[in-house]
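In what follows, a structure is listed as structure tokens, so that the remarks can point back to it.
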Amino acid sequence: MSRNGDGDQLRAEAAVWAVRLDRGQLSEDEAAELAAWEQDPQRLGALVRARSGWLRINELVSADHQQKPTPSGFSWRRAGVGLAASACIVLAAGGWMLALSNIGWITAPENHIRPVALADGSRVVLDTATVLQVRFRPAQRDVYLRRGEAIFQVAHNRLRPFVVHAGDVDVRAVGTRFSVRRDGTNVRVLVAEGTVEVTRRNAGQRDSVHQQLAANGALLASRDHAEAETLAPREIERRFAWSDGLLMFDGQSLATAILEINRYAERPVVLDDPRLGDRSIVGVFKAGESEDFAESAAAAFGGRVILKDSAIHIAAR
Amino acid sequence: MKRDEQLLWFAKEVLPHEAALRRWLGRRAGAFACDPDEIVQETYARLWAANAALILAPRAYMFVTARRVLGDLARRARIVSIETMADIEALNIVGEESSAERTLSAREELAKLMETVTKLPPQCRKVFELRKFEGFSQRETAQSLGISESTVEKHLSKALQVILDAMTGADETDGMDWNGARHVAKRRRRSAQG
């Protein structure tokens, strides 16, 4: 077709803008430049096309395997992790999803926690903005953590190990409950029950790091370092609470708690009075209910809550 | 409808039909000496301005909009004969809709995407895979490959263009000559045979 030079140039620019918009917030200069650029309908059309193409790719890569939610919630809570009974309601309301295929992608969008029952009877709860790929073979159950955090409760099967791959770190379990969090090249493993085996592949060479991690164990692996520690059962319980739709704080600073609350909040909490940031907070909150959290924090520290469309502010009284 | 929702709507309801629209256009745009890319872009701009929430049959609406774009272009061109105008008005959207023009299933689309990715230049492919399949941010992608973020941006936009053209069939007609007169002749010949 007469793909004249101007048209190609226009489409190349549109693709660059689509990528920039996907990267995150534009700078003020960029936003102004884009506003001027997209005045022309041809450019606007090309940009809409490029941006929807970018989204379509996401959709094809992840949505392929999203299954319909099932109405009933079955209890995944274990005796070892005792939590308020109301937690069950949160889970049931969220709805369990069944992923019965042996191969597929499972994702949890931002602000959502997604519990999923896997084909082998194992359960997994995906934290906000998490992407998992499942590949179950007869000899081994492989799960690839592409981003985010997930808690696994593995159905026991000695002959068919369950392996979570997070970057170059492999976490192998037979039947246990553990979580893996991946943040770029950093990987964190927490074990609530049973034992897992963590290995790392370096430059294609397997098993260059080899570590057993028992219940209450935590391991943090960065690109060239790995460190294990044992946590108090109470701390493990706290760090697993999000899978029941709860966020627990046990003396963390208000500033830290707000970061955590905002991972699940559609309307973020903003602290207007920085002096309150260091105050430590204790309590259990439902993920996603940021207003409730803000009210409690304000009441505890003598602040007040200002509701705005874009955010919930905690200000000095 | 919010901007993000509308983009999602485009990704789900409009983009998957672009390949069929281009095939439909391919038989006509040339006749009016129009660039199919320009018609597609103008169609997207008009659909964007419409209220997507109210559009019930997106595919048909897209074809109707494209037909209007063609009509407007032809009117603007002035040199187009009355006969040509009548031809545009007579374009049978309903007939096109029920023809064998099939839209790819999501699975087929995914297969096409994967195949296109393997054909990208090696570094471009690596950047795209880290960003889209591994879920790395642009910064993480840059760090992990030891390149600048602006280089990542360049590779990603290149990959997006190539994949988008493959998904929408825009690459299939590349290099064809859209000389109006010749296409009118071709089309006449074709209709004479049919």
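Listed here are the residues, each with its yes/no results for (1) over 22 Å from A:VAL187 (Cα atoms); (2) among the acidic types (Asp, Glu); (3) without any contact (Cβ under 8 Å) to a residue 12 or more places away in the chain; (4) surrounded by 15 or more Cβ atoms within 10 Å (Cβ to Cβ).
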{"position": "A:GLU227", "(1), (2), (3), (4)": "no, yes, yes, no"}
{"position": "A:ARG234", "(1), (2), (3), (4)": "no, no, no, no"}
{"position": "A:ALA241", "(1), (2), (3), (4)": "no, no, no, yes"}
{"position": "A:GLY251", "(1), (2), (3), (4)": "yes, no, no, no"}
{"position": "A:LEU254", "(1), (2), (3), (4)": "yes, no, no, yes"}
{"position": "A:LEU259", "(1), (2), (3), (4)": "no, no, yes, no"}
{"position": "A:GLU266", "(1), (2), (3), (4)": "yes, yes, no, no"}
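Taking the condition within 30 Å of A:PHE152 (Cβ to Cβ) and hydroxyl-bearing (Ser, Thr, Tyr), does A:SER310 pass? No. Which condition from (1) closer than 22 Å to A:TRP105 by Cα; (2) not in a strand (DSSP E or B) is the one that A:ARG181 breaks? Exception for A:ARG181: condition (2). Taking the conditions exactly as written (among the hydroxyl-bearing types (Ser, Thr, Tyr) and within 24 Å of A:ASP120 (Cβ to Cβ)), does A:SER243 satisfy them or not? The answer is yes for A:SER243. For the range A:105-140, the tally of residues that are surrounded by fewer than 19 Cβ atoms within 10 Å (Cβ to Cβ), of a type outside the set (A, V, I, L, M, F, W, C) and within 13 Å of chain B (Cβ to nearest Cβ) stands at 2. Take the residues in the range A:141-165 that are among the hydrophobic types (A, V, I, L, M, F, W, C) and at pLDDT 90 or above, then tell me which one is surrounded by the most Cβ atoms within 10 Å (Cβ to Cβ). In this case the residue turns out to be A:VAL164.
Each residue in the range A:166-181 was checked for being under 12 Å from A:ALA150 (Cα atoms) and modelled with pLDDT of 90 or more, and 5 of them qualify.
Hey, does the range A:178-194 have a residue that's under 17 Å from A:GLN212 (Cα atoms), polar (S, T, N, Q) and crowded, with 20+ Cβ neighbours inside 10 Å? Checked the range A:178-194: at least one residue is under 17 Å from A:GLN212 (Cα atoms), polar (S, T, N, Q) and crowded, with 20+ Cβ neighbours inside 10 Å.
Residue-wise test of (1) at pLDDT 85 or above; (2) within 14 Å of chain A (Cβ to nearest Cβ); (3) in contact with a Lys or Arg (Cβ under 6 Å, 6 or more places away or on another chain); (4) in a helix (DSSP H, G or I).
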| site | (1), (2), (3), (4) |
| --- | --- |
| B:LEU15 | yes, yes, yes, yes |
| B:CYS34 | no, yes, no, no |
| B:TYR44 | yes, yes, yes, yes |
| B:MET62 | yes, yes, no, yes |
| B:ARG68 | no, yes, no, yes |
| B:ARG76 | no, yes, no, yes |
| B:ILE88 | no, no, no, yes |
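The values are calculated or read from the model by the stated rules, or taken from the named source; none is laboratory data. None of the values given here were measured: they were computed from a predicted structure. Don't worry about glycine lacking a Cβ; one is built from the backbone with ideal geometry, like all the others, and counts go over all protein chains shown.
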